[in-house]
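Comments concern the structure below.
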Amino acid sequence: MIVYLVPLVIIGGLTSCGVYLLLSRNLTRMLLGLLLVGNAVNLLILTVGGESGNPPIRGRTSGSETTTADPLAQGMILTAIVIAMGIAAFVLALTYRSFRLTTQEEVDIDPEDARVSKLSDEEASSVDEDVPQPVAERDTDEPDELDALPGHEGSR
């Protein structure tokens, strides 16, 4: 098996640039990062798919090729392209909606997340204790008055 260095370097470059862009707080950069990582994965699947060969149709030949090309890699890449375009459309819709609501494209730090991240472990465990627990004697398999539909009291 021959390993080509150029596609591997391109895959590494696309992946690293995509991850760098994904880590920013700008939604457009995040979208570009998703697209770059998606293209890097597509190129990786194409590279791992093996060498080119005859079309995967019985009786068809292409030049002097002796092997048949693997159609699985091509099918996976087509599926990945469709999924990437769906994700890109969704992120574009989120970006548009966020810009219309806040007139900025940057994702701010959520104040609640910042507050929780500053809590120590003891404070975090005490916060969990403040959550009301369900009452054991009320939790039965018997139907409650709210379980019946209106007008069907006799169906119990």
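Some values worked out for this structure:
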item	result
Cα-based Rg of the range 10-57 normalised by 2.2 N^0.38 Å, two decimals	1.47
Area of Thr102 that stays accessible when all protein chains are in place (1.4 Å probe, Å², to 10)	70 Å²
J(HN,Hα) series, the range 64-80, from Karplus relation 6.51 cos²θ - 1.76 cosθ + 1.60, nearest Hz, glycine and proline x	9, 5, 10, 9, 9, 5, 7, x, 5, 4, 5, x, 5, 5, 4, 5, 5
Amide hydrogen neighbours beyond the local backbone of Thr68, cut-off 5 Å, H modeled	Asn54
Arg60 - accessible surface, heavy atoms, 1.4 Å probe, Å² rounded to 10	130 Å²
Principal axis dimensions, largest first and in whole angstrom, of the range 4-97 by Cα	53, 28, 15
Percent of alpha-carbon pairs separated by more than 13 Å within the range 54-117	76 percent
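The values are calculated or read from the model by the stated rules, or taken from the named source; none is laboratory data. Just so we're clear, the structure is a prediction, and the values are computed from it rather than from any experiment. These accessible areas exclude ligands, DNA and RNA; they are computed on the full protein's heavy atoms, side chains included. Shrake-Rupley method; radii C 1.70, N 1.55, O 1.52, S 1.80 Å.
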